[in-house]
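Inspection log for the structure reproduced underneath, given as C-alpha cells.
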Amino acid sequence: MPGCPRLLKEYREVKSAKVPDPEITLTLADETDIFVWSAFLKGPAGTPYEGGSFELSLKCPSSYPLAPPKVTFVTPVFHPNVLFKTGEICLDILKPDAWTPAWTLNSVCRAVTALLSHPEADSPLNCDCGNLIRNNDMRGYRSVAKMYTSMHAHAKPPDE
C-alpha cells in the first residue's frame, strides 16, 4: 500500500493495538487508500450523545501530517459546531493555522469526542443549536440532540 509514511505508521499502530480503544474505532475506509479513513466514536457519557455510535470520515491530504485531515460527521448530529447538512466540524485544531503535526488521527478523534462533551455555542455552524445553548435552553438542546442520537447514531464499527 503506497502512501504517506506517517499514515502507514498510524495504520500499523491501530492494527497492532493489543487492547482496542473502547471509545474510538479507526479503520481505513478502503484498504487500497491510506489517505481515507473512517472512525466510529462512542457518544460521551453524561451527554445527549451517550449510547450513540457516530461515524466520521477523515480525508488526509498528501501533505499530512504537515496539513490537517478534513474531518466530517457521516452520522447526522445535532451540535452547535457541526453543520447538520454536510457534517462539517468547526474545531480549531483542524484549521491549517492551528494544526500541528504532533496530532494523530486518533488524537483528532479524541478532540472531536471532547467537542461533543463541551459544545462551543459562540461561533456555531448550526445556529439553531447554538441559539438554544446561548439562550440557556439546555433542556431544549439536550432533548433535540438526544432525539437525533436515537434516530441516527446506530452505526456500528466494523467487527462489532
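Suppose the filter is within 22 Å of residue 151 (Cα to Cα), open to solvent by less than 40 Å² (accessible area, probe 1.4 Å) and over 15 Å from the mean Cα position of the chain (by Cα); does residue 126 pass it? Yes. Condition test on residue 81, is it open to solvent by 40 Å² or more (accessible area, probe 1.4 Å) and either touching a Cys at 6+ places or on another chain (Cβ under 7 Å) or modelled with pLDDT of 95 or more (or both)? So residue 81 does not fit the description; no.
The set of residues in segment 64-93 being closer than 23 Å to residue 133 by Cα and not in a loop (DSSP other than H, G, I, E, B) consists of 72, 73, 82, 88, 89, 92, 93. Tell me which residues, restricted to segment 64-78, are of a type in the set (A, V, I, L, M), farther than 20 Å from residue 27 by Cα and buried (at least 18 other Cβ atoms within 10 Å of the Cβ). Within segment 64-78, 77 is the sole residue that qualifies.
Any residue at all in segment 86-107 that's in contact with a Phe, Trp or Tyr (Cβ under 7 Å, 6 or more places away or on another chain), in contact (Cβ under 8 Å) with a residue 40 or more places away in the chain and open to solvent by 20 Å² or more (accessible area, probe 1.4 Å)?
Kept after step one, since they are in contact with a Phe, Trp or Tyr (Cβ under 7 Å, 6 or more places away or on another chain), are these residues of segment 86-107: 87, 89, 93, 105.
Applying the additional criterion that residues be in contact (Cβ under 8 Å) with a residue 40 or more places away in the chain yields 105.
Add one more test, that the residue is open to solvent by 20 Å² or more (accessible area, probe 1.4 Å), and what stays is none.
For segment 86-107, residues in contact with a Phe, Trp or Tyr (Cβ under 7 Å, 6 or more places away or on another chain), in contact (Cβ under 8 Å) with a residue 40 or more places away in the chain and open to solvent by 20 Å² or more (accessible area, probe 1.4 Å): absent.
Hey, any hits in segment 38-52 for a residue that's touching a Leu at 6+ places or on another chain (Cβ under 6 Å), in contact (Cβ under 8 Å) with a residue 60 or more places away in the chain and more than 21 Å from residue 125 (Cα to Cα)? Yes, the conditions are met somewhere in segment 38-52.
The values are calculated or read from the model by the stated rules, or taken from the named source; none is laboratory data. Model, not experiment: these values are computed from the prediction. We place every Cβ from the backbone using ideal geometry, glycine too, and count neighbours over all the protein chains shown. These accessible areas exclude ligands, DNA and RNA; they are computed on the full protein's heavy atoms, side chains included. Shrake-Rupley method; radii C 1.70, N 1.55, O 1.52, S 1.80 Å.
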